[in-house]
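Written out below as structure tokens is the structure these notes cover.
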Amino acid sequence: ERIIDRGEIITANEYQILESLKRETEMRQSSTWDQQVTIVAGQALLVLSLMLLLYLYLRLFRKQYFNSKRIITLLLIMITSMVCITSAVVNYGNASLVYLIPFALIPIITSIFFDTRTGLYTHYITIFLASFLVPYPFEFILLQASIGMVAITSLRDISQRSQLVNSAVIIVITYSLFYLGYELSINGDFLKMNGWMFAFFAVNGILILLVYPFVYVIEQSFGFISNMRLIELSDVNS
């Protein structure tokens, strides 16, 4: 049965129930070694399967990327960094803080240097991996997948700073609308929604503006050329 909904005030009785649930969960988790090995094997299988999908995509459809160690390295760094940041936030902070992480940076940066299809594919692989770590995986995948599509469509050919600002605003609005629709469809009550989530979405939109310094760092580190760099080089003062 339902113990308590997110956002409700915890009473003394409900606290005791939650503590009992915690003890029971910990007892079940302290299972035999064979069960632990099986769980780890299942997790490893899921991760390897997702990475195999990325491998097959690059091998079959983007051979020029597959044969480039720089590109493969950059993609793996972005995926691993986002998953590690998600793990740290979930384990050492509030699970809702994962919505502060600007996952939209992956499709945006990948699209800037490569193409939109690779950007969206890399984004989906990343959020599927990160969804294993969050407490509400369906909500997480729904929001992040929609953000990836919005980021791709709103920044098809980025060449001006204003485009990035407009995209960040659209991403914040999309986050808010999808979260609002999801919570209303699940709870059916405005009062049960976590109001802090909308603040997290706004901060997320601000963090997306980090694309410009990240693009510069990637250009200097990997030797890639973006449209923004080409525009700078076209200036006669350069």
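Annotations for the structure displayed:
- Among (1) free of Cβ contacts under 8 Å to residues at least 60 places away in the same chain; (2) surrounded by 15 or more Cβ atoms within 10 Å (Cβ to Cβ); (3) within 18 Å of Met78 (Cβ to Cβ); (4) of a type in the set (Val, Ile, Thr) - the single one Val211 does not satisfy: (1)
- From Thr153, Thr126, residue being surrounded by fewer than 19 Cβ atoms within 10 Å (Cβ to Cβ) and either hydrophobic (A, V, I, L, M, F, W, C) or in a helix (DSSP H, G or I) (or both): Thr153
- Residue count for the stretch 132-144, restricted to those that are open to solvent by 20 Å² or more (accessible area, probe 1.4 Å) and within 12 Å of Phe103 (Cβ to Cβ): 1
- Long-range neighbours under 8 Å by Cβ, at least six apart or interchain, first residue in contact (Cβ under 8 Å) with a residue 12 or more places away in the chain and farther than 21 Å from Arg229 by Cβ within the stretch 110-135, second not in a helix (DSSP H, G or I) and not small (Gly, Ala, Ser): His123/Phe103; Thr126/Phe103; Ile127/Phe103; Ala130/Phe103
Conditions (1) in contact with a Leu (Cβ under 8 Å, 6 or more places away or on another chain); (2) hydrophobic (A, V, I, L, M, F, W, C); (3) within 16 Å of Ile106 (Cα to Cα), marked per residue:
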site: Thr126; (1), (2), (3): no, no, yes
site: Ala130; (1), (2), (3): no, yes, yes
site: Pro135; (1), (2), (3): no, no, no
site: Gln144; (1), (2), (3): no, no, yes
site: Gly148; (1), (2), (3): yes, no, yes
site: Ala151; (1), (2), (3): no, yes, yes
site: Leu180; (1), (2), (3): no, yes, no
site: Glu183; (1), (2), (3): no, no, no
site: Asn187; (1), (2), (3): no, no, no
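- Which numbered condition Leu164 misses (of (1) touching a residue at least 60 places away in the same chain (Cβ under 8 Å); (2) open to solvent by less than 30 Å² (accessible area, probe 1.4 Å)): (1)
- Selected residue [part of a helix (DSSP H, G or I), aromatic (Phe, Trp, Tyr) and open to solvent by 30 Å² or more (accessible area, probe 1.4 Å)] from Tyr179, Tyr121: Tyr121
The values are calculated or read from the model by the stated rules, or taken from the named source; none is laboratory data. All of these numbers come straight from a predicted model, not from anything done at the bench. Please note: Cβ atoms are built from the backbone with ideal geometry, for glycine as well, and neighbour counts cover all protein chains shown. The accessibility values were calculated without ligands, DNA or RNA, using every heavy atom of the protein model including side chains. Shrake-Rupley method; radii C 1.70, N 1.55, O 1.52, S 1.80 Å.
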